[in-house]
Amino acid sequence: MRHTHHLQALASLVVDQTDSAVVVCGPDVRALYINPGFTRLFGYAQHEMQGRRPMSVLAGPSTDLQALDAVRDLRHPTSFRLELLLYTRTGQPLWTAIVVNVVCDAAGQVEHVIGILSDITLTKMHEVLQHRALDAMVRELPVTELMHLVCEEVERIAPEMLCSVVDVDEQGLCHPLAGPSLPVALGEALEGLRVGPNVGVCGRAAWSGEPVLVTDIATDPLAEPHRH
């Protein structure tokens, strides 16, 4: 008996300390338990998830609901994996790998549904971008079309972002290559602009070779010459 309690304590420790989100549901796929990793990843506390369907809570405007429909036959012991774009409590999108295990009793009736969710946003972005870029290169698309595809894919994976690509020639002059979701006037304003330490965000980033962050263009001096 003592050995059994020790194993249970170790199992509980693993579930509580893992970075992955774990949710245990009943046969109706409503949450009975979430681990601290679920709260850290998605922002929901135990009382907020209790009795709710996890996918209904975490789904958002870009979640592939058809992928969920394809794996909802939970009438027998099974395990499956899928990748979905889900959303945190604050609305931040996360590409998530989900492993679902259906546990049945001796009579074959569904007893519990256990889901383990992991954040794969960065991996997904690299994988998809590499695939799209290599495909475009094989088809010998012009560089502007290739960059346009890259921007569109970044914005699809991370819907809260707007992406653009700017080329800098040997003279240090900017030439916008792609920015499908940005105003045309912004690209026109960047055309021929010489990069430098005080030439906006793009200009400073290209000049320094380092990431540049401006959190408020209304007050940041770096945005002053181009705020309009």
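The values are calculated or read from the model by the stated rules, or taken from the named source; none is laboratory data. Because the structure is a prediction, the values reported are computed rather than measured. Backbone-built Cβ (ideal geometry, glycine too); neighbour counts: all protein chains shown. These accessible areas exclude ligands, DNA and RNA; they are computed on the full protein's heavy atoms, side chains included. Shrake-Rupley method; radii C 1.70, N 1.55, O 1.52, S 1.80 Å.
The residues in segment 92-143 that are within 11 Å of the chain's Cα centre (by Cα), surrounded by 14 or more Cβ atoms within 10 Å (Cβ to Cβ) and hydrophobic (A, V, I, L, M, F, W, C) can be counted, and the count is 5.
Just to be sure, is R89 open to solvent by 30 Å² or more (accessible area, probe 1.4 Å) and either within 20 Å of L32 (Cβ to Cβ) or modelled with pLDDT of 90 or more (or both)? Considered against the rule, which asks whether it is open to solvent by 30 Å² or more (accessible area, probe 1.4 Å) and either within 20 Å of L32 (Cβ to Cβ) or modelled with pLDDT of 90 or more (or both), R89 comes out as yes.
Being touching a residue at least 60 places away in the same chain (Cβ under 8 Å) and buried (at least 17 other Cβ atoms within 10 Å of the Cβ) is the filter here, so list the residues in segment 144-157 that pass it.
Once the filter is applied, which keeps residues that are touching a residue at least 60 places away in the same chain (Cβ under 8 Å) and buried (at least 17 other Cβ atoms within 10 Å of the Cβ), segment 144-157 yields only I157.
Based on this model, can you work out whether E191 counts as of a type in the set (D, E), in contact (Cβ under 8 Å) with a residue 12 or more places away in the chain, farther than 30 Å from P61 by Cα and open to solvent by 50 Å² or more (accessible area, probe 1.4 Å)? So E191 fits the description; yes.
When residues of segment 175-199 are filtered for being over 28 Å from the mean Cα position of the chain (by Cα) and assigned to a helix (DSSP H, G or I), how many remain?
Residues in segment 175-199 being over 28 Å from the mean Cα position of the chain (by Cα) and assigned to a helix (DSSP H, G or I): 4 in total.
Filtered by the rule that a residue be assigned to a helix (DSSP H, G or I), closer than 24 Å to M147 by Cβ and either open to solvent by 70 Å² or more (accessible area, probe 1.4 Å) or touching a strand residue (DSSP E or B) at 6+ places or on another chain (Cβ under 7 Å) (or both), segment 204-228 gives R204, A206, W207, H226.
Listed here are the residues, each with its yes/no results for (1) at negative phi; (2) modelled with pLDDT of 90 or more; (3) in a helix (DSSP H, G or I).
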| residue | (1), (2), (3) |
| --- | --- |
| A11 | yes, no, yes |
| V15 | yes, no, yes |
| V22 | yes, yes, no |
| T39 | yes, yes, yes |
| H47 | yes, yes, yes |
| R72 | yes, no, no |
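Could you please let me know if C202 is under 26 Å from the mean Cα position of the chain (by Cα) and modelled with pLDDT under 90? Yes, satisfied. The set of residues in segment 158-174 that are open to solvent by 50 Å² or more (accessible area, probe 1.4 Å), in a strand (DSSP E or B) and not β-branched (V, I, T) contains only D167. Put simply, of G115, G60 the only residue that is of a type outside the set (A, V, I, L, M, F, W, C) and in a loop (DSSP other than H, G, I, E, B) is G60. Which one is surrounded by the most Cβ atoms within 10 Å (Cβ to Cβ) among residues in segment 31-55 that are touching a residue at least 40 places away in the same chain (Cβ under 8 Å) and touching a Cys at 6+ places or on another chain (Cβ under 9 Å)? Per the stated criteria, the residue is P54.
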